[in-house]
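First comes the structure, then the notes that go with it.
Bear in mind that the values in this text are calculations on the coordinates, not laboratory data. Computed from a predicted model, the values in this text were never measured in an experiment. Cβ sites come from the backbone with ideal geometry, for glycine too, and all protein chains shown count toward neighbours.
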Amino acid sequence: MYEIGNYVAHYKEGVCKVMAIGTLNMSCSDKNKQYYTLKPVYDSGGVLYTPVANERGQIRSVITAEEAERLIEDMPEIEALGIAEEKKRESLYKEAVFKNECRAWIAVIKTSYSRKMKRLSSGKKSINMDDKYLGMAEKFLIGEFAMALGMSKEEVKGYISGKVKG
C-alpha cells in the first residue's frame with residue numbers, strides 16, 4: 001500500500017517516513033509477514049515497525065494540503081468532546097487521540113484548552129490530564145499540518161491562528 005519514501009500518520013508517533021518494507025530479523029516478529037520500518041519525522045530517536053497488512057489501522061496516509069485547509073476552515077464548527085461523566089474523561093481523550101483522525105484531535109484540543117482556561121481564570125491550576133492530552137493532540141495535528149502544508153511546526157501555529165481569527 002505504501003512505498004519507501006512515503007509519509008504516513010502513525011496513531012502513536014505522528015508523521016513517519018517509510019524507510020523499508022520487508023520481513024524483520026527479530027525473534028518477536030512473524031517471519032511470514034511484511035513490515036514497514038517507520039522513522040518518526042519529528043522525533044530524532046528510534047524507528048518503529050508495523051505490519052504491512054495494517055489490520056489494526058495503525059497507519060494512514062498523511063492528509064493533503066487541501067484537506068488541511070478545509071480542516072482549518074472547519075475548526076470553529078468542530079465540536080468539543082461532550083464529557084458527561086468526569087471519571088470517563090481520560091478514556092474519551094485517549095480514544096480520540098489514538099483514533100488517528102485530525103477532527104478528533106481538534107475536538108480534544110478544544111475540550112482540554114477550554115477546561116484549562118476555565119480553571120486558570122477561576123484561580124485554579126490546570127489539570128495534568130488535560131495538559132497531557134492537549135499536548136499529544138497538538139503534537140499530532142500540528143505535525144501533520146506542517147507536513148501537508150510544507151511548513152515548519154512553528155509556522156503552522158501562526159498560520160492556523162491567522163486563519164481562524166481572520
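Aspartates and glutamates near Lys157 by alpha-carbon distance under 18 Å, same-chain residues fewer than 8 away left out - which ones?
Cross-link targets: Glu66, Glu67, Glu69, Glu73, Asp74, Asp131, Glu138, Glu144.
Per DSSP H run of n ≥ 4, the term is -39500 (n - 2.57); total these for the chain, divide by its residue number, and report the mean residue ellipticity at 222 nm rounded to 500 deg cm²/dmol.
-14500 deg cm²/dmol
Can you figure out the FRET efficiency of Tyr7 with Ile127, using R₀ = 30 Å and their beta-carbon distance, to the nearest 0.05?
FRET efficiency, Tyr7 to Ile127: 0.35.
Taking the square root of 5 times each eigenvalue of the Cα gyration tensor, what semi-axes in Å does the equivalent ellipsoid of the range 7-61 have, largest first?
18, 13, 9
Between 0 and 90 degrees, rounded to the nearest ten: what's the tilt of helix 128-149 against the longest Cα principal axis of the chain?
Relative to the chain, helix 128-149 is tipped by roughly 60 degrees.
Just to confirm the number: angle between the C-alpha axis of helix 102-121 and the first principal axis of the chain, 0 to 90 degrees, nearest 10?
40 degrees
Note the per residue figure in Å³ for the convex hull of the C-alpha positions in the range 65-165.
102 Å³
Show me 36-47, 98-109, 76-87 ranked by packing, highest mean number of other Cβ atoms within 10 Å first.
98-109, 36-47, 76-87
Obtain the nm distance between the two label points defined at Lys157 and Ala53 by a simple spin-label model: each point lies 7 Å from its Cα along the Cα-to-C-beta direction.
4.2 nm
Could you compute the net charge surrounding Pro51? Neighbours are other residues with a C-beta less than 12 Å from the C-beta of Pro51; K and R count +1, D and E count -1.
Details: positive: Lys33, Arg56; negative: Asp30, Glu55.
Result for the neighbourhood of Pro51: 0.
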